[in-house]
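**Student:** Have a look at this one.
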């Protein structure tokens, strides 16, 4: 703040009630509400659904690998129509002939395939768990940023009201000849600066809100 504002700034600080000096984010944080936001994010965020789809696909792969054990065994039969007088084989002069075969090579391969499918499932689950933790941290970060921006806006709004009150007071003194034009102009400039800071702070609140809503997939107003 320029030196010429020092006296006015001191006057402004002295005029602010002591309760306003006790601003804290902790009283604005609602952890139950934050847990709800995290749950909504996990239910709505597209990339979380993508990781869940990877887990589902890997689980299907494990089931498929287990069922493929049945591919080891092959069953076949030959049918010799009754109207055909010639048997299929002289050794097996029957109408039906059955065969049961076991693929030894497949027996050796299946455990490795099942193990690979389980490893792919574990990898998909670890990826999802890691991403879930990252998203949980990101929701918390953006929520705390939103709360911070709202608190800053509240502080600046209160300060702007104090400057407005000071301006009214100085203006009346100036109109009655009890205050100089220079000091009146200084308060006017201070009031303009506070108004600009308030607009900037409001914009930051809206940006922080939008950033949080991006993870949730819905408006904060719709979340009770």
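Laboratory data are not the source of any read-out in this text; all were calculated from the coordinates shown. All values reported here derive from a predicted model rather than from experimental measurement. For neighbour counting, all protein chains shown are included, and Cβ atoms are generated from backbone atoms with ideal geometry for every residue, glycine included.
**Student:** Can you figure out the FRET efficiency of residue 140 with residue 50, using R₀ = 25 Å and their beta-carbon distance, to the nearest 0.05?
**Tutor:** Result of the calculation: an efficiency of 0.70.
**Student:** Next question, about the same structure. How much length would be gained if the chain were fully extended between residue 129 and residue 59, taking 0.36 nm per residue of separation minus their Cα-Cα distance, in nm to one decimal?
**Tutor:** 23.7 nm
**Student:** A further question on this structure: Report the paramagnetic label zone for residue 25: residues of segment 134-173 whose backbone N is under 15 Å from a point 7 Å from Cα along the Cα-to-Cβ axis.
**Tutor:** 137-155
**Student:** So what is Rg over Rh here for segment 122-224, counting just Cα atoms and using Kirkwood for Rh?
**Tutor:** Across segment 122-224, the Cα-based Rg/Rh ratio is 1.32.
**Student:** For residue 33 and residue 175, compute 0.36 nm times the residue count separating them, minus their Cα-Cα distance, and round to one decimal in nm.
**Tutor:** Full extension of this stretch gives 45.9 nm more.
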